[in-house]
Every structure is written in C-alpha cells, then in structure tokens.
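Accompanying notes for the structure given below.
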Amino acid sequence: MAAAQEDRLVLAHRDGRVGRLVLNRPRAINALTHQMVLDLHAALDEFAADPAVAAVVLTGAGERGLCAGGDIRFFHDDAKLGGAAVRAFFRDEYRLNHRIARFPKPYVAVMDGLVLGGGVGVSAHGSVRVVTERAAVGMPETTIGLVPDVGGTWLLAHAPGEVGTHLALTAERMTAADAVYCGFADHLVPLDRLADFTAALAEREPADAVREFAVPVGVAPLAGEQAWIDHCYAADQVEEILERLDQTGLPEAKEAAELIRAKSPTALKTTLAALRRARRLPSLAAALEQEFRVSCAGLADHDFVEGIRAQVVDKDRNPRWSPATLAGVTAEEVARHFAPAPEELGLA
C-alpha cells in the first residue's frame, strides 16, 4: 500500500494538525497534469471537511522546485487536435486557484526552487506563502506564445508600479526578495531551517512557526530598478514600451528590450491588454474568468503551438511567430481574446 501511495502524483495525508499535500512528479519538476489538479481538488475537499485538520501545507518532491508549471507538452499535442482537453484542464486548474484563495483554513505554500506558471497558481494564492533563498518565481508564458494565467494577471497587475508589466512581458524570474516585494510571497525561510519549519507546522499555528523560523528577506533587486521600470512600462502600447527602453541607455533596460523582442508579438500585445484590464477588475475571480476567455481563445493562435514546439518539443529555440512583428498584430486580433467564451468558470 505504501508503494502505491508513493507512486501517486499528489501525496495527501494528515500529519498532526495539518493536512500535507506533496506534488510528487520530481523528474518533471512537479509539472501539473489534469489528474494532479483533480487530486488536489479532492484532497482540499477532504481537508476542509476534517475538523482535525487546522491547516494545509503544500510542498514539492525533489530538489529542483515546487512546480515548473503545467504539462505544456500535453498542451502542444492537444491543441493540435482542437484543444478540448486543454480547455477542460484550464477550467479545473483555474477553479483550483480560486479554491486555494478562498480556502477556509490556513494554506501554507512552500515555494522552493522553480515556481513557474501553474506552480504560482497553486502557491501564490495561499494565505501563508514561504520562499527559500533559492526560489525562482515567474510567469514564463510569453516565451512560449501564451498569456499569463492561473491568476497571474491579477498578481502582476497589483505588483508595485509597473514591475508586474515588466515581469509579464520579459518573462523574467523573481528572486525570493522580489517575490515578497511583488506580492507573490510573504516570508523567507532559509533552506537550513525549512525542514524544521515544515515539521513544526504539525504542532503549532503557521503564524507561530513563521515567527520562529523566518528571517528578513532583504532588499528586492527589482525595488532598485523601480524608477526606469515605471517610466518605460507606463506606456499603453508594447511598441512605445520598447522605444522607452531603448532610449534610457541603461544596460538593464536594453536587456529587457531584447527579451521582449524575442517573445510572441500576439502574446505580448494580449498580455499587456490583460494586465491593464485586470487592474480594473474587482477580484481574483473576475481575473480568472478573463484569463479563461483569453486562454481558450489563444488555443486557436498559431503561436500557442509554435512556442511550445520551439522551447520544449524540438528545442531549437527558434520560434517562427505569426504575425512575426508587433505591427502585424491588429487591435481586432487582441480584442478577440477577450470575447465571451462558450462557457464561463462561474466564479465571479
């Protein structure tokens, strides 16, 4: 029975006063499959109903990271067949993100190593979000022709100033200090204290464990770049953002511009529109509803399949975007992504 449990991709059990969830796909850096999403839903149902469970703790198996995102090879293969399975995955994943944000008990997410895309969705909406010094947190979607989702547009839109726009368009990763600064995490627990911290949660309140084991996070690198980031990314068009980045003369801004120019033009323009709209939305639920529309519409984009092909399938790192330039992406094409979907999530 123990061996069968270890073979499961989500391990769930009660340990003292906490329900423990372990993403157990370490060879894939715990990338989420649809079944893993459904298993997390079921485990949260059980823990919510169990009066002996006072809190939930999420960790990832292995040394490489909590979760590197969704299983994007599956996205690639299914999108070529019409995308019905990917739409079903998105529906259940986004509902899970919302469930985590509204979970009635403390939800402690341990964000160690890589925490990307879907990994952000299962951690950064929790009530107690802990990073280690080796955390690398990010939304890499524009690199593969997608738009940030899993509530990422909500988090990015509410980061200080225009830092979220910078992170979304460049797909750069946050350090532990950046993640706290940007509102993706709350506390830093060093690796050499992490095992004791997670063990202590079985016996005490998360707030008490945090007080004992967390340390000051330090100055966020992004905080020192806030001035040029706010100036450049305040523009309403990606083309103007690039112009401002070029004009600063700063090496950091030049690097950002180079990163952006390598991304999908369609994904860039749609991402900027999604972030600007997310700022005006009333809740995470409303942002997830918007993301579901954008993601489902994006399944029909050439760049959805092409970006994953270039980065993950063939690994030639040479995506052939279509349209190939920002000028080729019309306002009508961007607007298409925000049209009502055939079905909604029913969250807002």
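Can you tally the net charge around residue 347? Count Lys and Arg as +1, Asp and Glu as -1, for every other residue whose Cβ sits under 14 Å from the Cβ of residue 347. Could you put the intermediate results ahead of the total?
Details: positive: 91, 95, 99, 102, 293; negative: 92, 93, 149, 289, 291, 343, 344.
Once positives and negatives cancel, what remains is -2.
Calculate for the chain the 222 nm mean residue ellipticity that helices alone would give, adding -39,500 (n - 2.57) per DSSP H run of length 4 or more and normalising by residue count, nearest 500 deg cm²/dmol.
Working: 17 runs with 163 residues, N = 348.
Theoretical 222 nm ellipticity from helices: -13500 deg cm²/dmol.
Summarise the long-distance tail of P(r) for region 56-110 by giving the % of C-alpha pairs beyond 12 Å. Walk me through the intermediate numbers first.
Working: 1094 of 1485 pairs.
I get 74 percent for the Cα pairs in region 56-110 exceeding 12 Å.
Provide Rg over Rh for region 29-183; use the alpha carbon set for both Rg and the Kirkwood Rh (inverse mean inverse pair distance).
Values: Rg = 15.1 Å, Rh = 15.8 Å.
Here Rg/Rh amounts to 0.96.
If you take every DSSP beta bridge whose two residues both sit in the chain, what share of them, in percent to the nearest 5, is antiparallel? Working shown, then result.
Details: 9 of 30 bridges.
The answer is about 30 percent antiparallel.
Grab the alpha carbons of the chain, take their convex hull, and tell me the volume per residue in Å³.
Working: hull volume 46.7 nm³, N = 348.
Residue-normalised Cα hull volume stands at 134 Å³.
Go ahead and collect, in residue order, the members of region 124-163 whose backbone nitrogen is under 19 Å from a label point 7 Å along the Cα-Cβ direction of residue 227.
Flagged as within label range: 160-163.
Based only on other Cβ atoms within 10 Å, what is the fewest-to-most ordering of 283, 123?
Values: 283 13, 123 31.
The fewest-first ordering by Cβ neighbours comes to 283, 123.
Taking the Cβ-Cβ separation of residue 312 and residue 196 as r and a Förster radius of 35 Å, what is the calculated FRET efficiency to the nearest 0.05? Present the calculation step by step, with values, prior to reporting the outcome.
Values: r = 37 Å, r/R0 = 1.05.
Computed FRET efficiency for residue 312 and residue 196: 0.45.
If I stretch the segment between residue 322 and residue 212 completely, what's the gain in nm (0.36 nm per residue apart, minus their alpha carbon distance), one decimal?
Using 0.36 nm per residue and subtracting the Cα-Cα distance, I get 34.4 nm.
With angles folded into 0 to 90 degrees, how steeply does helix 84-101 sit against the dominant principal axis of the chain? Use alpha carbons for both and round to 10.
Helix 84-101 sits roughly 60 degrees off the main axis of the chain.
Sort 173, 211, 25 so the one with the fewest other Cβ atoms within 10 Å of its own Cβ comes first.
Working: 173 17, 211 11, 25 20.
If I rank by nearby Cβ atoms, fewest first, I get 211, 173, 25.
Would you mind checking the tilt of helix 284-298 against the longest principal axis of the Cα atoms of the chain, expressed as 0 to 90 degrees and rounded to 10?
Helix 284-298 and the main axis of the chain meet at about 50 degrees.
Going by Cα centres, region 19-54 and region 232-278 are how many Å apart?
37 Å
Got a sec? How would 174, 139 order by Cβ neighbour count within 10 Å, fewest to most? Please list the in-between numbers first.
Numbers: 174 26, 139 31.
Placing the least packed residue first, the sequence is 174, 139.
What is the angle, in °, between the Cα long axis of helix 34-49 and the longest principal axis of the Cα atoms in the chain? Nearest 10 is fine, range 0 to 90.
40 degrees
Can you tell me the length gained on complete extension of the stretch residue 333 to residue 237, counting 0.36 nm per residue apart and subtracting the Cα distance? Please report the intermediate quantities before stating the final value.
Working: separation 96, 0.36 × 96 = 34.56 nm, distance 1.46 nm.
Between residue 333 and residue 237, full extension yields 33.1 nm more.
Please list log₁₀ I(q)/I(0) at q = 0.14 Å⁻¹ for region 239-348, using the Debye equation with identical point scatterers on the alpha-carbon positions.
-0.68
Readers should treat all values here as calculations from the given coordinates under stated rules, not as data from a laboratory. On a predicted model such as this, the values are computed, not experimentally measured, just so you know. Ideal geometry is used to build each Cβ from the backbone, glycine not excepted, and the neighbour counts take in all protein chains shown.
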